Amino acid sequence: MRPYTVYILKCGDGSLYTGITTDLEARLKSHRKGKGARYTRGRLPVEPVYAETVENRSAALKRELEIKRMSRRQKLELIREQGGSFQ
């Protein structure tokens, strides 16, 4: 079973998008071509600012929901804790 990645993208308008995937590089290419999630299509360019690996789809969906329920401030703190930056 392939591990899943839970990720956060910084969109061109400064907003944050959270998603899951089994292949982060392929998913980023899809987002950047405007073929990813509807949310990111109109907010290009996108830049990955956070990623964490979890063991399965169920854990990824739960973690994605946890992150989506966080405030913007909490998400930015999560990004900083991992050593990422957000400008």
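The values are calculated or read from the model by the stated rules, or taken from the named source; none is laboratory data. Note that the structure is a prediction, hence the values are computed from the model and not measured. Note: ideal-geometry Cβ built from the backbone for every residue, glycine included; neighbour counts use all protein chains shown. Protein only, heavy atoms only, side chains kept; ligands, DNA and RNA dropped before computing areas. Shrake-Rupley method; radii C 1.70, N 1.55, O 1.52, S 1.80 Å.
Ignoring ligands, DNA and RNA, what percent of the 1.4 Å accessible area of the chain is carbon and sulfur?
Ligands and nucleic acids excluded, carbon and sulfur reach 46 percent.
Would you mind working out the accessible area per residue for the chain, using a 1.4 Å probe, and quoting it in Å²?
64 Å²
If you average 1/r across every pair of different Cα atoms in the range 39-87 and take the reciprocal, what Kirkwood value do you get, in Å?
For the range 39-87, inverting the mean 1/r across all distinct Cα pairs yields 12.2 Å.
Give a quick list of trypsin sites (Lys or Arg not before Pro) in the range 1-63 that DSSP marks as loop, anything other than H, G, I, E or B, with at most 12 other Cβ atoms within 10 Å.
Lys33, Lys35
Output ³J(HN,Hα) for the range 19-28: one whole-Hz value per residue in order, computed from phi by the Karplus curve 6.51 cos²θ - 1.76 cosθ + 1.60 with θ = phi - 60°, and x for Gly and Pro.
For the range 19-28, the Karplus-derived couplings read x, 10, 6, 9, 9, 4, 4, 5, 5, 4 Hz, x marking Gly and Pro.
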